Amino acid sequence: MHFALLRITKLGWEQACHHAALEILGYRFNRAPMLKLAARYPLSDWVGGVAAADYRFAEEQGQWCLQGVRPANHPRMRLRQYAVWAAAMPDWPKQLLESADQLPLLPTATATAKMRRQYRLGALRTGWARRISTETVGGTRLDNLVCDGWLPLLTACTGRNLGGLWQHWFPGDLPPSLTRALRELGVFAGRNHPACHGTVQGLLGHMLVQEMHNAHGPAESPRLRGLTSFAADQ
């Protein structure tokens, strides 16, 4: 939320959404060149410019990290995907903002399975994919757009506390070892205890904190030490 607010303050709503979307479509290793292109070409430049995606990819030649990237996640493909999205829904940031009033404010402490059933989060996910990204982005990458981009931006802009929705949302693209570790501990277990974004982010945060601790830092519980070790080893 802090960085989302800074982005909105600096760029305005439309361009903040545009920058966030391209950054997330770049995945971890191609965020920097994606953000350069977002800054160089505002959203209006992408509308109707599907063919230009290849030229924009070429502009950052040598800056892309392509090793081990699956064909579907190749940055050229993601740029083409975003160009199709922008052409089909030129005002998608406006549509996103207008959807904020209909989003449920969920308690974080209630079970995820109950929240998903009660508030039909699966249907919300499908509707958002259709209304905002015109179904050009789907699956786990859509979930990353929701949790890493849309919900923080909407919360920062509107002041509505969407943290519960963020907590119970679907995990998105994450290292399989994290969800596997939480299943080993029984935190995630079948339909009654499904994987959710907030809990996985909690484990990531814990692991980052532990990396900063030296041998004389605060003691870690055996349960968490085993969990961290398991996830790291995977």
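Data table
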quantity	calculated
Filter result (assigned to a helix (DSSP H, G or I), farther than 17 Å from Asn144 by Cβ and not hydroxyl-bearing (Ser, Thr, Tyr)) within segment 4-31	Leu5, Leu6, Ile8, Lys10, Leu11, Trp13, Glu14, Gln15
Qualifying residue in segment 119-129 (condition: outside the structural domain of Met207 (by TED's automatic domain parsing), closer than 21 Å to Cys17 by Cα and in contact with a helix residue (DSSP H, G or I) (Cβ under 6 Å, 6 or more places away or on another chain))	yes
Wholly within segment 57-152, helices (runs of 4 or more DSSP H) carrying at least 3 residues that are charged (D, E, K, R)	75-88, 112-119, 121-131
Verdict on Lys10 being touching an Asp or Glu at 6+ places or on another chain (Cβ under 8 Å), assigned by TED's automatic domain parsing to the domain that holds Gly164 and either loosely packed, with under 15 Cβ neighbours inside 10 Å or at negative phi (or both)	no
Residue match in segment 88-105 (condition: more than 27 Å from Leu43 (Cα to Cα) and in contact with a Leu (Cβ under 9 Å, 6 or more places away or on another chain))	yes
First in segment 89-101 and among the small types (Gly, Ala, Ser), second anywhere and assigned to a helix (DSSP H, G or I), Cβ under 8 Å, 6 or more apart	Ser99/Trp128; Ser99/Arg131; Ala100/Leu154; Ala100/Cys157; Ala100/Thr158
Conditions (1) surrounded by fewer than 16 Cβ atoms within 10 Å (Cβ to Cβ); (2) in contact with a strand residue (DSSP E or B) (Cβ under 8 Å, 6 or more places away or on another chain); number of the one not met by Thr112	(1)
Residues of segment 181-213 classified as in contact with a helix residue (DSSP H, G or I) (Cβ under 7 Å, 6 or more places away or on another chain), of a type outside the set (Ser, Thr, Tyr) and in a helix (DSSP H, G or I), total	11
Among the residues listed as Arg76, Arg31, Arg40, the single one being within 17 Å of the chain's Cα centre (by Cα) and either buried (at least 18 other Cβ atoms within 10 Å of the Cβ) or assigned by TED's automatic domain parsing to the domain that holds Asn161 (or both)	Arg31
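The values are calculated or read from the model by the stated rules, or taken from the named source; none is laboratory data. Bear in mind the structure is a predicted one, so any value in this text is a computation, not a measurement. Methodologically, a virtual Cβ is constructed for each residue, glycine included, from the backbone with ideal geometry; neighbour enumeration extends over all protein chains shown.
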